[in-house]
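Taking it in order: structure first as structure tokens, then the write-up.
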Amino acid sequence: MKIANRMENLSPSVTMAITALARELKAQGKDILSFSAGEPDFDTPVIVKEAAIKAINEGQTKYTAVEGIIATKQAIINKLKKDHGLEYKLDGIVISNGAKHSLFNLFQVLVEDGDEVIIPAPYWVTYPEQVKYSGGVPVFIETNDSTEFKITPEQLKAAITPKTKILLLNTPSNPTGSVYSKEELLALGEVLKGTDIIVFSDEMYEKIMYNGKKFTAAAQVSEDMYKRTVTINGLSKAVAMTGWRFGYIATCDAALAKALTKLQGQVTSNINTMTQYAAIPALEGDADETIEMMRVEFEKRKNYAVSAFNDIKGLSSIDPDGAFYLFINIQEVTNDSMKFCAELLEQKGVALVPGLAFGTEGYVRFSFATDLATIQEGIKRIKEFVENK
Ligand code: PLP
């Protein structure tokens, strides 16, 4: 069959491909340690599961409003108010099948052919692909570990053209774990003042913060930023709900929410009904103890991994303030992250994701969303691999 031309520009997800390859090698009986996954190794909190079971038993098994039921949208509104002091209305919330779906809808609804979307690199693999699929042009701002992979106001200013439509921020970041402070967000916001540029703020990892740092939402730093920011969030990472598929956007632009709902109404309709009920306790803080338990465990692993990697000659890692990844500098060993990862998998059975997949060569991504014993063994093997090079 002839596949449509628009598929030609779309690349498959490298992270998912590597995770699948590691799984396949493991199934063949090979001794594989995978640090490529982008999902918590913890189970979904019991209270969330119980809410879904209750919903099923009570017959909540039908279609709902496309953009989500009022109770869940209200729980999102309450969360944004409680956590960040932000005010949203019911007509500014749209729930989709994961934040990935929220982003897809956003790009489809907002981007015209040739519109530019500024994406700081390294970036989550999905962003440029979705931008291209919508007819937009990704414009990358390169960063490295010397600025903790954060863009500066000067870099942003230089990247803006008359065609710039959107600035995409991801804080805490996948793949680097970097977090923008309130001051840094304000400074970026200053550059945007007087423009029509929309900010997408992907805050998927906001609950997974370290080193005593506090998360700041992009929309909360100023009135100007509040108006131009579309917040994208979900429950996959913080509440270990990757398989439930729950993502949402919050905006003060009701016309945008309406357009997103129109598109979703012709593509998927509402997300599954039980997930909407399960999300309510997660959003309302009933699972906060479990969320904190996971965060503490992630931080222990992070502390171990950062110091262990920095002890390996030729490798170095920043100490990230959020998410569950290290973006490790391998430049003293090689600049070829694809080759590094292929050889490491072949020789030591350790799966990492090459930095190139995230748009930045000379680094590899290590996910510590796996138990400490596996992390210790994995880093031991990586050390042996690097020392033998
Ligand atoms: N945003 C970021 C930065 C991510 O890393 C991910 C998942 O890897 C997502 C969004 C998508 O999350 P989901 O579609 O599971 O809600």
Report task. Report yes if E190 is in contact (Cβ under 8 Å) with a residue 60 or more places away in the chain, away from the ligand (no atom under 12 Å from the Cβ) and surrounded by fewer than 20 Cβ atoms within 10 Å (Cβ to Cβ), otherwise no. Result -> no
Report summary line: G85: passes all of (1) more than 23 Å from R245 (Cβ to Cβ); (2) assigned by TED's automatic domain parsing to the domain that holds F327 but (2)
Query raised in the report: Only one of these conditions is not met by A240: (1) small (G, A, S); (2) out of contact with any Ser or Thr (no Cβ under 6 Å at 6 or more places or on another chain); (3) farther than 18 Å from H101 by Cβ. Which number is it?
Result: (2)
Query raised in the report: Does K258 count as closer than 22 Å to S201 by Cβ and either outside the structural domain of L106 (by TED's automatic domain parsing) or surrounded by fewer than 20 Cβ atoms within 10 Å (Cβ to Cβ) (or both)?
Result: yes
Report summary line: For region 239-252, pairs from a residue that is on the phi > 0 side of the Ramachandran plot to a residue that is charged (D, E, K, R) and surrounded by fewer than 24 Cβ atoms within 10 Å (Cβ to Cβ), with Cβ under 7 Å and 6 or more apart or across chains, are A240/D43
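Every residue, every condition in (1) more than 22 Å from V239 (Cα to Cα); (2) surrounded by fewer than 19 Cβ atoms within 10 Å (Cβ to Cβ); (3) hydroxyl-bearing (S, T, Y), yes or no:
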{"position": "A287", "(1), (2), (3)": "no, no, no"}
{"position": "E292", "(1), (2), (3)": "no, yes, no"}
{"position": "E299", "(1), (2), (3)": "no, yes, no"}
{"position": "K302", "(1), (2), (3)": "no, no, no"}
{"position": "S307", "(1), (2), (3)": "yes, yes, yes"}
{"position": "G322", "(1), (2), (3)": "no, no, no"}
Query - Among (1) over 23 Å from N174 (Cα atoms); (2) more than 23 Å from the chain's Cα centre (by Cα); (3) not in a helix (DSSP H, G or I), the one test that N270 misses - result: (2)
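Results for (1) among the hydroxyl-bearing types (S, T, Y); (2) part of a helix (DSSP H, G or I); (3) under 18 Å from A20 (Cα atoms), shown as yes or no for each residue.
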| residue | (1), (2), (3) |
| --- | --- |
| N335 | no, no, no |
| F340 | no, yes, no |
| L345 | no, yes, yes |
| E361 | no, no, no |
| A373 | no, yes, no |
| I382 | no, yes, no |
| K389 | no, no, no |
Query raised in the report: Does region 93-111 hold any residues that are part of a helix (DSSP H, G or I) and more than 8 Å from the ligand (Cβ to nearest atom), and which are they?
Result: F104, N105, L106, F107, Q108, V109, L110
Requested in this report: Tell me which residues, restricted to region 72-92, are within 16 Å of the ligand (Cβ to nearest atom) and either closer than 15 Å to L168 by Cα or among the basic types (K, R) (or both).
Outcome: K79
Query raised in the report: Quick one: is K30 at pLDDT below 95, more than 16 Å from the ligand (Cβ to nearest atom) and over 30 Å from R295 (Cβ atoms)?
Result: yes
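How many of the residues making up region 112-126 are assigned to a loop (DSSP other than H, G, I, E, B) and within 16 Å of the ligand (Cβ to nearest atom)? Even if it seems obvious, please write down each step before you answer.
The first filter runs over region 112-126 and keeps only residues assigned to a loop (DSSP other than H, G, I, E, B), leaving 112-115, 122-125.
Filter once more, keeping what is within 16 Å of the ligand (Cβ to nearest atom): 122-125.
Residues flagged as assigned to a loop (DSSP other than H, G, I, E, B) and within 16 Å of the ligand (Cβ to nearest atom) within region 112-126 amount to 4.
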Requested in this report: For region 295-306, indicate whether the set of residues that are more than 16 Å from the ligand (Cβ to nearest atom) and at positive phi is non-empty.
Outcome: no
Requested in this report: Could you tell me whether I69 is surrounded by 12 or more Cβ atoms within 10 Å (Cβ to Cβ), over 24 Å from L168 (Cα atoms) and within 14 Å of the ligand (Cβ to nearest atom)?
Outcome: no
Requested in this report: For residues that are more than 15 Å from the ligand (Cβ to nearest atom) and of a type in the set (A, V, I, L, M), scanning just region 168-187, find the one that is nearest to the chain's Cα centre (by Cα).
Outcome: L185
Query raised in the report: Can you name every residue in region 211-227 that is buried (at least 24 other Cβ atoms within 10 Å of the Cβ) and either away from the ligand (no atom under 16 Å from the Cβ) or of a type in the set (D, E) (or both)?
Result: A219
Requested in this report: Answer yes if at least one residue in region 316-327 is of a type in the set (G, A, S), outside the structural domain of K73 (by TED's automatic domain parsing), farther than 30 Å from G68 by Cα and in a helix (DSSP H, G or I), and no otherwise.
Outcome: no
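The values are calculated or read from the model by the stated rules, or taken from the named source; none is laboratory data. Since we're looking at a predicted model, the values are computed, not measured. Virtual Cβ from ideal backbone geometry, glycine too; neighbours counted across all protein chains shown.
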